[in-house]
Structure formats: structure tokens, C-alpha cells
Amino acid sequence: MTKTVYGFLYQTALLAVGSALCALAVKGILLPQGFLSRGLTGVALLLYHVHPIVSVGALYLLLNIPLFVGGWRFVSRRFVWYSLWGMALYSLMLSVVTFRLDLQDKMLGAVIAGALCGTGSALVLRSYGSTGGAEILYVMMYKAFSMTLGTASLILNGALLAVAAALFPIENVLYTLVCVVVSAQVTDAVFHGFAKRQAALIMSERWKEIADDLTKTHRIGITLIHGRGGYQATERTILYSVVSRKHVSCLKKAVLDQDPGAFITFLAADDVTHVEVGNQPPW
């Protein structure tokens, strides 16, 4: 029970802090500077501008319905429940946050707002849910096409701003585009930065001692790969392991302690699926 409560509080903290950062960007910079809305809110505003049949709030709710249905079907039920909770927290933050950052330079405002939105979105999406809206679509695109969240955001918001350019002042559209680009870059940097993995290839004559030390002392999993040298055609055993970036220095030290002449190379492992060392998001 304690573990369950702790897990819920941790997920809530991610959703709350991320929502607070996004709300600060919206209430503190985007609205005062007159920038356009992004994501599903921007879509609702565009539809309302073209056909003001129902309110923006009603349009936003109607647009969310198919996304939540898609999240239920293609992501998980847990993701949908936490997204509903995240939407409630985000709405609360929008009501609570009243801080306004008075900036004379609109470009500076666009960059700061993008950084805040990107960081907030990344924190939210490291949880079990989202804040609803377009973030659900980003997650579905990630799962379906392995598209990064920042790229999905850039595609959706870029298309939205392309339409908005015909309806709103082009200067505001371009400043909003700067915000969107910065937000996409920061989202990917923060989101994937929390879960970097490195694949290590180790070649040494003392591979048995190294393998024993890594597995028994440091609890690092190792796979043995049998190879052959290209010049002398001698048989070699190569050690292969995937570790988080924080364990790279430990692995290096452990190997070099056993064999100072060992050959070690590290490769980027951006997408790793595994219970213990995987860096897949928790949805």
C-alpha cells in the first residue's frame, strides 16, 4: 500500500510541476505578449474563429473526446486515467498562476516561453499520463512511428501555424513559431536526457575476469559475443553491455582495473526496451 501511495504521489508531482511550468509560460508570457495558442487549444481557437458556432471551451472538450478514446485503445487505460488527472492539475495551475513576466523583447519572450513549455511537457510525459489535448496525440505518434515527442509537436503546431498565418498577424505567428521550435528541442533534450543509455563493446584477453567482476561485483549484465580478428584471424570474445550513462565511468574503471590495455568503445543506445535497463517511457 505504501509503495502504491508513493508511486501515485511521485506521478502527481511530475504532472503538477510540469503543469506549473507550462501554465507559467502561458499566463506569464504567451498571453501578455499576444502569441497564439499551441496544441489543441490553438485548434479550438482556429475553429472558433472560422465557425463560431459553439464556445472555445466546448470545442476543446469535443476535440479531446476522440483523443482520449484513442489513448484508451492505443496506449493504455492507466495513461488515460492519469491524463484526466493531469488535465485537472493543469487547469488548476492555469487558475492559480497569476505571475506575469514583463518583457519588452518579444523574441526573448518566445525563447523563454518555449523553454518553459518544453521542460514542463517533458516532465509531464515522463509520468504515467499527460495533460490531455495534443500531448495524447504526441504519445500515439511516438508509439506508432517512433517519432520523438518534440518532432510530433513541431509537425502538429507547424501545420496549425501555417493555417493561422492566413487569419492572424504574421508577426505573432512567427514569434509563436519560434516558441514552438524551442519547445520541441527542449522537450526532446529533457525527456530523452533523463533516460540516456550507452552500449559498450569490450575487447580484452582477460575477458573472463572482466565479465566476472562486472556481473558479480557491479551487477552489470554482460553478453558474450564470439568474433574473429580481421588481420590475424584469431578468435576473440567480445563483451557487450547496455548501461545508463551514469554507470559508464564505473564500467570503464572496472574494465581498466582488470586490464589497462583493454579496448572499450561506447555507442549511442537511444531506444532500449528491457525491464531493467530499458529507457522506454512508462506509458
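Results, tabulated for the structure shown:
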quantity	calculated
Relative contact order, percent, segment 159-283 [alpha-carbon distance under 8 Å, six or more residues apart]	29 percent
Net +/- balance of residues flanking S130 in space, Cβ distance below 15 Å, scoring K and R +1, D and E -1	+4
Phi-based couplings in Hz for segment 236-246 (Karplus 6.51, -1.76, 1.60; Gly and Pro marked x)	9, 10, 9, 8, 10, 8, 10, 10, 6, 4, 5
Note, ³J(HN,Hα) from phi for segment 76-87, Karplus 6.51, -1.76, 1.60, rounded to Hz, x at Gly and Pro	5, 5, 4, 4, 5, 4, 5, 5, 5, 5, x, 5
Cα gyration tensor category, rounded, prolate or oblate, for segment 27-156 with a/c compared to 1.5	prolate
Whole-Hz ³J(HN,Hα) from phi, Karplus 6.51 cos²θ - 1.76 cosθ + 1.60, for segment 224-229, glycine and proline x	8, 10, 8, x, 9, x
Rel. contact order, % - alpha carbon contacts under 8 angstrom, at least six apart, segment 197-268	50 percent
Shape call, segment 3-104: gyration tensor on alpha carbons, a/c limit 1.5	oblate
Most mobile listed residue (F145, F68, F79) in the chain, GNM with C-alpha springs under 10 Å	F145
Helical mean residue ellipticity (222 nm; -39500 (n - 2.57) per DSSP H run of 4+; nearest 500) of the chain	-19500 deg cm²/dmol
Contact order relative to length of the chain, as percent, for alpha carbon pairs under 8 angstrom and 6 or more apart	21 percent
Long-range HN-HN contacts of L36 with modeled amide H, under 5 Å	T176
Most fluctuating residue given options S153, S183, S76, as computed from a GNM of the chain linking Cα atoms under 10 Å	S76
Gaussian network model of the chain, Cα within-10 Å springs - most flexible of R219, R126, R77	R219
Above-threshold pairs, the threshold being 21 Å between Cα atoms, out of K27/K196; K196/K252; K3/K216	K27/K196; K3/K216
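Any read-out appearing in this document is the output of simple, stated calculations on the displayed coordinates, not a laboratory observation. Everything numeric here is computed off the predicted structure, so don't read it as measured data. As a convention, Cβ positions derive from the backbone with ideal geometry for all residues, glycine included, and neighbour counts pool all protein chains shown.
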